[in-house]
Amino acid sequence: MKRGLLLVVVLGVCALGWMKRDFLAEEINFRQRQRNIAQAISSSSPDELRAFLDQPDADLRRTAAVRLAQIKDASGRSALVASLYPQTIFSTGTGTLEVRQRPGATVRAGQVIAIVGGQPPLRSPISGQVLRFYEPQSGGYQLGHRVAEIVPAESEVKEAIDAIGLVGKQSDAEELESLARAFPQYSVGTQAACQKIRSRRK
């Protein structure tokens with residue numbers, strides 16, 4: 001009995017150790033990733049920033065679009081609007097789902113949120129909150145099946161909204177107001193951004 005209890009305690013301690021190790025590794029990777037993006041953006045010309053808009057990295061696209069807006073370049077306008085919407089994560093394999101982060105959990109870009117069928121882990125493309133996990137098809141998740149949605153972090157939403165205020169069109173103001181009704185956290189800065197957009201159309 002005592003040996004069994006001791007084994008449970010040891011396994012629990014080991015599990016906590018592994019979790020702490022994984023958290024620290026993800027934290028280091030996140031900070032390095034953010035430094036790399038900041039360095040790339042700060043040292044890039046407008047042409048190079050526009051090239052970043054075609055990259056698969058959602059954080060890089062958004063950051064490049066924000067920087068372009070700050071220099072009154074509207075090339076990244078559509079990327080800014082797209083960055084306000086939840087990001088969908090798709091399965092990279094087939095099988096059952098192992099959840100690492102529950103709905104409502106705060107996640108950082110690059111953090112593992114789930115694993116499907118023992119395949120490479122599914123990582124959040126942005127910083128924010130896990131909104132939901134989709135139900136699997138019969139037989140489990142399939143390759144390319146929707147797995148989860150991530151709502152962007154409020155700080156990044158505000159940054160994007162401010163940037164849209166600098167280069168947005170009339171239709172963007174209407175979309176911002178619609179999003180603010182659906183996502184209350186988007187209301188921060190929306191009114192000011194819409195006023196800037198509409199003042200340029202007078």
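FYI, it's all coordinate maths here, none of it is from the lab. As the structure is a computational prediction, the values presented were derived from the model and not from experiment. Note: ideal-geometry Cβ built from the backbone for every residue, glycine included; neighbour counts use all protein chains shown.
Short-range pairs are left out: with C-alpha atoms under 8 Å and at least six residues apart, the relative contact order of segment 26-123 is 21 percent.
Can you sort Val99, Val157, Val116 by how many other beta carbons sit within 10 Å, fewest first?
On the way: Val99 15, Val157 21, Val116 24.
Starting with the residue having the fewest Cβ neighbours, the order is Val99, Val157, Val116.
Working ranking of peptides 56-64, 44-52 by packing, defined as the average number of other Cβ atoms within 10 Å per residue, highest first, is 56-64, 44-52. Positive contributions from Lys and Arg (+1) and negative ones from Asp and Glu (-1), summed over other residues with Cβ under 13 Å from the Cβ of Pro46, come out at 0. Contact order for segment 87-152, expressed relative to its length and based on alpha carbon pairs under 8 Å spaced 6+ residues apart, stands at 42 percent. The Cα atoms of segment 79-195 give a gyration tensor whose axes a ≥ b ≥ c have a/c of 1.5 or more with a/b greater than b/c, which makes the shape prolate.
Taking a Cβ cut-off of under 10 Å around Thr63, the surrounding Lys, Arg, Asp and Glu residues balance to a net charge of -1, with basic ones at +1 and acidic ones at -1. Potential lengthening of the chain between Ala51 and Ser187 amounts to 45.9 nm, from the contour at 0.36 nm per residue minus the alpha-carbon distance. Taken about its Cα centre, segment 87-152 carries a charge dipole of roughly 160 debye when the Cβ of each Lys and Arg holds +1 and the Cβ of each Asp and Glu holds -1. Panel order for Tyr186, Tyr85, by other beta carbons found within 10 Å of each beta carbon, from fewest to most: Tyr85, Tyr186.
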